[in-house]
Amino acid sequence: MIQTALETGLRQTMIHLIRPLLHPAVPVSIQRKLVSKAYLTSVPPRGTRFENIEAEGIAITRVCHSDNPDGVVLYFHGGGYIIGSPRTHRGITGHLARSSGTMVIVPDYRLAPENPYPAALDDAEAVYLALLDEGHPPASLSLAGDSAGGGLAIALAMRLRDKGLPLPSSLMVISPWTDLSNAHLYSPECEPVLQRRWIDKAARLYCGSEPVANPYVSPVYGDLSGLPPLLIQVGSQEILMNDAQRLANVANRDSVDARLEIYNSLWHVFQVHAGQLDRATEALETAGQFIRRHLTT
């Protein structure tokens with residue numbers, strides 16, 4: 001009963017606090033400041049350590065919960081490619097570091113509109129290659145991300161494959177944004193977080209003159225053949241549920257080992273409430289187990 005009441009309270013918080021901020025009329029600079037404050041309620045588990053470093057000129061946050069982390073998760077934060085940072089995602093990445101037993105690397109990749117496509121993808125690739133150069137075997141690496149960061153993780157895996165570069169051991173994405181045309185959005189009875197007009201604006205700012213059907217922008221239009229095992233988590237109360245389902249369908253079509261988990265009556269990236277909401281904590285536990293199962297260190 002307590003968890004049910006908490007779900008209701010958190011849903012109302014999303015509707016009345018977060019959703020109004022994600023409005024196209026609110027300047028991106030203001031959204032970045034306000035959303036960063038809203039994310040302060042997403043708390044990592046006690047004992048998580050955060051270290052700010054740099055690689056290839058890109059600011060990075062290194063997240064560890066174990067004294068001896070085994071393996072690396074390269075995690076891309078969400079935010080429609082226009083907002084968000086490693087700091088806003090300390091809750092998710094801290095819980096993922098604990099559940100997976102890995103070191104989680106979170107790049108502060110360049111955002112639009114200042115840096116449209118392919119800046120984010122270029123930064124993602126640069127950090128991945130830096131990890132390889134540091135001596136991390138591909139089998140000890142995993143890619144993960146939420147929302148736009150989930151789409152970015154898939155796009156990076158596709159680019160690595162197309163360049164003949166070593167692939168990570170697995171992919172784990174949360175509420176992935178995989179079709180920036182937004183032509184096939186789901187229509188839930190309740191959408192506590194996202195607005196269609198906001199993601200339309202974010203897509204325009206990120207794509208610039210790039211066609212939205214470019215698979216490195218919208219992975220559902222690409223060939224996923226040869227990608228590593230994939231876990232997709234999504235809530236039923238979000239307009240991006242179809243993006244997750246279509247990604248799973250394309251993965252199955254292309255013989256990728258993919259699993260889709262739909263969490264009923266939960267919203268976009270509900271995992272930010274891990275440590276408070278039991279189902280959010282359990283989702284990241286499942287994600288951590290998936291990553292751990294495929295790592296070879």
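The values are calculated or read from the model by the stated rules, or taken from the named source; none is laboratory data. These numbers come from a predicted model, not from an experiment. Glycine also receives a Cβ, built like all others from the backbone with ideal geometry; neighbour counts cover every protein chain displayed. These area figures cover heavy atoms from the full protein model, side chains too; ligands, DNA and RNA do not enter into them. Shrake-Rupley method; radii C 1.70, N 1.55, O 1.52, S 1.80 Å.
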query: Mind checking whether some residue in the range 174-193 is open to solvent by less than 40 Å² (accessible area, probe 1.4 Å), part of a helix (DSSP H, G or I) and either without any contact (Cβ under 8 Å) to a residue 60 or more places away in the chain or not polar (S, T, N, Q) (or both)?
result: no
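Checking the conditions here, which among 111, 132 is open to solvent by 30 Å² or more (accessible area, probe 1.4 Å) and either at pLDDT 95 or above or not in a helix (DSSP H, G or I) (or both)? Steps first, please.
Details: 111 fails: open to solvent by 30 Å² or more (accessible area, probe 1.4 Å).
Among 111, 132, only 132 is open to solvent by 30 Å² or more (accessible area, probe 1.4 Å) and either at pLDDT 95 or above or not in a helix (DSSP H, G or I) (or both).
For the range 92-102, indicate whether the set of residues that are under 24 Å from residue 141 (Cβ atoms), assigned to a loop (DSSP other than H, G, I, E, B) and not aliphatic (A, V, I, L, M) is non-empty. Walk me through how you get there before you give the answer.
First, pick out the residues of the range 92-102 that are under 24 Å from residue 141 (Cβ atoms): 92-102.
Next, only the ones that are assigned to a loop (DSSP other than H, G, I, E, B) stay: 101-102.
So of that shortlist, the ones also not aliphatic (A, V, I, L, M) come out as 101-102.
Looking for residues that are under 24 Å from residue 141 (Cβ atoms), assigned to a loop (DSSP other than H, G, I, E, B) and not aliphatic (A, V, I, L, M), one finds at least one in the range 92-102, hence yes.
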Taking the range 23-33 and the residues there that are more than 12 Å from residue 84 (Cα to Cα) and touching a residue at least 12 places away in the same chain (Cβ under 8 Å), the one that is least open to solvent (accessible area, probe 1.4 Å) would be 24
Residues in the range 13-71 that are among the acidic types (Asp, Glu), closer than 28 Å to residue 294 by Cβ and part of a strand (DSSP E or B) total 1
Within the range 282-296, residues in contact with a helix residue (DSSP H, G or I) (Cβ under 8 Å, 6 or more places away or on another chain) and of a type in the set (A, V, I, L, M, F, W, C) come out as 283, 284, 287, 291, 295
The residue that is surrounded by the fewest Cβ atoms within 10 Å (Cβ to Cβ), considering only those in the range 197-237 that are in a helix (DSSP H, G or I) and charged (D, E, K, R), is 197
Taking the conditions exactly as written (surrounded by 22 or more Cβ atoms within 10 Å (Cβ to Cβ), of a type in the set (A, V, I, L, M, F, W, C), outside any loop (DSSP other than H, G, I, E, B) and modelled with pLDDT of 95 or more), does residue 152 satisfy them or not? yes
Output for Cβ contacts, cut-off 6 Å, separation at least six or different chains, first residue free of Cβ contacts under 8 Å to residues at least 40 places away in the same chain in the range 67-78, second open to solvent by less than 10 Å² (accessible area, probe 1.4 Å) and β-branched (Val, Ile, Thr), reads 69/102
Exercise. For the range 40-63, state whether one or more residues are buried (at least 23 other Cβ atoms within 10 Å of the Cβ) and in contact with a strand residue (DSSP E or B) (Cβ under 8 Å, 6 or more places away or on another chain).
Key: yes
Note on the range 255-297: residues in a strand (DSSP E or B), within 17 Å of residue 10 (Cα to Cα) and open to solvent by 30 Å² or more (accessible area, probe 1.4 Å) are 263, 264, 265
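How about the range 138-149: which of its residues are crowded, with 24+ Cβ neighbours inside 10 Å and more than 13 Å from the chain's Cα centre (by Cα)?
We begin by selecting, within the range 138-149, every residue crowded, with 24+ Cβ neighbours inside 10 Å; these are 141-149.
Listed by number, the list holds a single entry, 141.
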Would a scan of the range 71-85 turn up a residue that is of a type in the set (S, T, N, Q) and closer than 18 Å to residue 296 by Cα? no
Only one of 82, 92 is in contact with a Pro (Cβ under 9 Å, 6 or more places away or on another chain), open to solvent by less than 10 Å² (accessible area, probe 1.4 Å), closer than 24 Å to residue 213 by Cβ and touching a residue at least 24 places away in the same chain (Cβ under 8 Å), namely 82
